[in-house]
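Since the structure comes first, as structure tokens, the remarks are kept for the end.
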Amino acid sequence: MPGPLKTEAVVLRSIRYGEADRILHLYTPMRGRVGAIAKGVRRAKSRFGGRLEPFSHVALVLHEGRSDLMTVTAADTLRSHAGLRESGAALDGAARACDAVSRLFETADPHPEVFHLLGKELALLEDDPSRATHANQLAFRLKLLLAAGLAPQLAACATCGEREHLQGFSGAAGGVVCAACEASSFPLGEEAHSFMVDAIGRPLADTPEASERALRQAERAIGETVEHHAHLRFRSALAS
């Protein structure tokens, strides 16, 4: 029966609505992505204050009625991540991370590991803006693919299982391919391959480095994977 829901959430996006309200896109540990309305939040004397800004980690009470949108009835800040706004690179990285989560995990299915991964990424960027790099964004996306069950096959040819002569990547096949199966693939260099393997296996704080050429190959591999298997596109992981 509809009623109050207590949950932690990260504010992915905030959209003005009407004269004083905001529509919020939230990511929660047990309800996935949810939409909510914060009524009167843009008024000077709003009881929510600045607690519902994008990237904020909050504890919420939501009223679940008949509408697709829940209503925010209470909000407490757990971590505002306000420091992200002191660095353009960190702010951009946070926005791209939230956008990637919003696109790939758009349902109400529970993915607590994604919620915690996003929290770690926002904290990492806030604490050390120098980590807001192309490599960091790609490592984060690879971990999202792993959580979604879409991680590319990197240990052997995704078509025939061959473990030698891996020289291409096929989004349709779902991973690296060998010389005999390279039709419709694009070249994936050894450095890009190694980056992807290490990025999946290491913590975000220990993201491997790679040349820009290798990172662009890795980004193409990630992009083709989500296009073929999730039928969506990520924003570019590199700030323009």
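Among the GluC sites (Glu not before Pro) in the range 1-98, those located in a DSSP loop and surrounded by at most 16 other Cβ atoms within 10 Å of their own Cβ are Glu19, Glu64. The stretch between Thr73 and Glu113, if pulled fully straight at 0.36 nm per residue, gains 11.8 nm over its current Cα-Cα span.
For Rg/Rh (Cα atoms, Kirkwood Rh), the candidate list reads (1) 1.01; (2) 0.96; (3) 1.04; the entry that matches the value derived from this model is (3).
Treating only the Cβ atoms of Lys and Arg (+1) and Asp and Glu (-1) as charged, compute the dipole magnitude of the chain about its Cα centre; round to the nearest 20 debye. Mind dumping the intermediate values first?
Working: 28 positive and 29 negative charges, 259 e Å.
Result for the chain is approximately 1240 debye, rounded to the nearest 20.
Within the listed set Gly168, Gly18, Gly201, the residue fluctuating most in the Gaussian network model of the chain (springs between alpha-carbon atoms under 10 angstrom) is Gly18.
Farthest towards the positive end of the charge dipole of the chain, among the residues Leu215, His229, Phe55, is the Cα of Phe55, using unit charges on the Cβ of Lys, Arg, Asp and Glu.
Taking the chain as a Gaussian network, Cα atoms linked when under 10 Å apart, which of Ala147, Ala180, Ala100 shows the biggest mean-square fluctuation? Taking springs between Cα atoms under 10 Å, the residue moving most is Ala180. Against the main long axis of the alpha-carbon atoms of the chain, helix 212-229 sits at an angle near 70°. For the range 135-240, the square roots of the Cα gyration tensor eigenvalues, ordered a ≥ b ≥ c, give a/c of at least 1.5 with a/b greater than b/c, which places it in the prolate category. Sparse packing (at most 16 other Cβ atoms within 10 Å of the Cβ) combined with a DSSP loop state is found for the following GluC sites (Glu not before Pro) in the range 96-138: Glu106. Under 10 Å, Cα contacts only: if you run a Gaussian network model on the chain, which one of Arg103, Arg31, Arg213 comes out with the highest mean-square fluctuation? Highest fluctuation among the options: Arg213. For the chain, lysine pairs separated by 8 or more sequence positions, or belonging to different chains, with Cα-Cα distances below 27 Å total 4.
Here, each number is a calculation from the coordinates, and none is a lab measurement. This is a predicted model, so every value here is computed, not measured. When we count neighbours, we look across all protein chains shown, and the Cβ atoms used for this are built from the backbone with ideal geometry, even at glycine.
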